[in-house]
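The values are calculated or read from the model by the stated rules, or taken from the named source; none is laboratory data. Only a predicted model underlies this, so the values are computations on that prediction, with no experimental measurement involved. Cβ placement follows ideal geometry from the backbone for every residue including glycine, while neighbour counts extend to all protein chains displayed.
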Amino acid sequence: MPVRVCVELRLSPFKKLAFFPRVIWRKLCYICIMQGNSSIRDNLVWQIEAGVDECIGDAPVDRFAETAARLAERQTKQTPKTSQAPKSSANSGQMSPRSRTPEGADQQPMPAPPASQYSAPERAVQSAVAAAGAANSIDELKTAVENFEDCALKKTAMNTVFADGNPEAKIMFIGEAPGADEDRQGLPFVGVSGQLLDRMLASIGIDRSHYYITNIVFWRPPGNRNPTTGEISACLPFVERHIELVDPEILVFLGGPASKTLLGRQEGITKMRGQWFDYATPKLPRPAQAMPFYHPAYLLRSPTHKREAWHDLLEIKQKISQD
Ligand code: URA
């Protein structure tokens, strides 16, 4: 069945896909990616990476031209009276001097209701705090993350990447953001950097049954860009609640962004790595021992730092056997 769909798509991919709902569009894109010819495949991969997840037509529309036409039409329709009127108070939310008098009050448009005192990013954090705080188990938290709609990254990702490994383990690793492989499989650290991490941890005798692993954001940033401060802030209440619910003895933060975010520090990873910090929240029974560690993707790019990473791994091994 996939092969038949693919043949049709090769002939006319966009026409066949027009008006298909999002989920079907994604599935068909991936069938095409796996089996289609390379130019269609490259085109689809490029579009998915850029965040396209739905096909709504088979001919391009010049929205700029539409806007210009509407503006021109509005200008020709404007009467002298409206063009001389004082700036509208309805848009700005400010009352004009005349409307402040009782006589003028019924002749002026009502002032616009005040805009929310919170910006969209602030509202995203507030809703994350409420949703995360209401979760009383890891399963509930996972559901809350999957239902959270206020992080823009979710719109371009294929899957929510929540966590992997053993939530009962005494050690929890926290990375930065899912990549393409993680997005596809819905699991953290399953791509090349995850494989390096697994090999490093195997060298000190632990595998995923001995540790728990997640990220500071739950969705892949398009094109693997760094997550923005707003995206990290929207996910942070979930990450903090995640740590409280797992209640690990040892935390390892993989890379600068995870370390800085969770320790609230400004130093770079080169300075912080290998040191132990207390990680505490009011709901943790006791602080976890937290260590910033080089991100495995950085070690793949800069193998000379593997020597320091090995030193830090031995520290972690010792801490595991101590506690
Ligand atoms: N890098 C990360 O930080 N997290 C992943 O899950 C994969 C790669």
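Can you spot a residue in the range 266-273 that is in contact (Cβ under 8 Å) with a residue 40 or more places away in the chain and either in the same structural domain as C151 (by TED's automatic domain parsing) or touching an Asp or Glu at 6+ places or on another chain (Cβ under 7 Å) (or both)?
Scanning the range 266-273 turns up no residue that is in contact (Cβ under 8 Å) with a residue 40 or more places away in the chain and either in the same structural domain as C151 (by TED's automatic domain parsing) or touching an Asp or Glu at 6+ places or on another chain (Cβ under 7 Å) (or both).
Looking for whichever is small (G, A, S) and crowded, with 21+ Cβ neighbours inside 10 Å here; the options are A177, A169, A152. Which one fits?
Just a single option satisfies the conditions, and that option is A177.
Give me the residue from the range 286-308 that is aliphatic (A, V, I, L, M) and within 12 Å of L196 (Cα to Cα) and, out of that set, surrounded by the fewest Cβ atoms within 10 Å (Cβ to Cβ).
L300
Does any residue of the range 213-229 turn out to be touching a residue at least 12 places away in the same chain (Cβ under 8 Å), over 12 Å from the mean Cα position of the chain (by Cα) and under 19 Å from L313 (Cα atoms)?
There is at least one residue in the range 213-229 that is touching a residue at least 12 places away in the same chain (Cβ under 8 Å), over 12 Å from the mean Cα position of the chain (by Cα) and under 19 Å from L313 (Cα atoms).
From the residues in the range 180-213 that are within 8 Å of the ligand (Cβ to nearest atom) and touching a helix residue (DSSP H, G or I) at 6+ places or on another chain (Cβ under 6 Å), which one is farthest from V161 (Cα to Cα)?
Taking the candidates together, the pick is S193.
Among the listed residues K317, K283, identify the single one that is in a loop (DSSP other than H, G, I, E, B), surrounded by fewer than 16 Cβ atoms within 10 Å (Cβ to Cβ) and among the charged types (D, E, K, R).
Details: K317 fails: in a loop (DSSP other than H, G, I, E, B).
From the options K317, K283, the qualifying one is K283.
With (1) within 16 Å of the ligand (Cβ to nearest atom); (2) at positive phi as the list, and G274 as the residue in question, which single condition is left unmet?
Every listed condition holds for G274 apart from (1).
Give the residues of the range 230-267 that are of a type in the set (K, R) and under 20 Å from the mean Cα position of the chain (by Cα), sorted by residue number.
R241, K260
Give the range 284-320 a look and list any residue that's among the charged types (D, E, K, R) and under 25 Å from the mean Cα position of the chain (by Cα), or say none.
R301
When the range 277-322 is examined, which residues are found to be more than 16 Å from the ligand (Cβ to nearest atom) and among the basic types (K, R)?
Those that are more than 16 Å from the ligand (Cβ to nearest atom) and among the basic types (K, R): K283, R286, K306, R307, K317, K319.
Just one of T156, T143, T160 is polar (S, T, N, Q), closer than 21 Å to Q185 by Cα and more than 13 Å from the chain's Cα centre (by Cα); which is it?
T143
In the range 214-245, how many are within 12 Å of the ligand (Cβ to nearest atom) and not β-branched (V, I, T)?
8
Specify which of the listed residues (F148, F162, F173) is away from the ligand (no atom under 14 Å from the Cβ) and in contact with a Ser or Thr (Cβ under 8 Å, 6 or more places away or on another chain).
Among F148, F162, F173, only F148 is away from the ligand (no atom under 14 Å from the Cβ) and in contact with a Ser or Thr (Cβ under 8 Å, 6 or more places away or on another chain).
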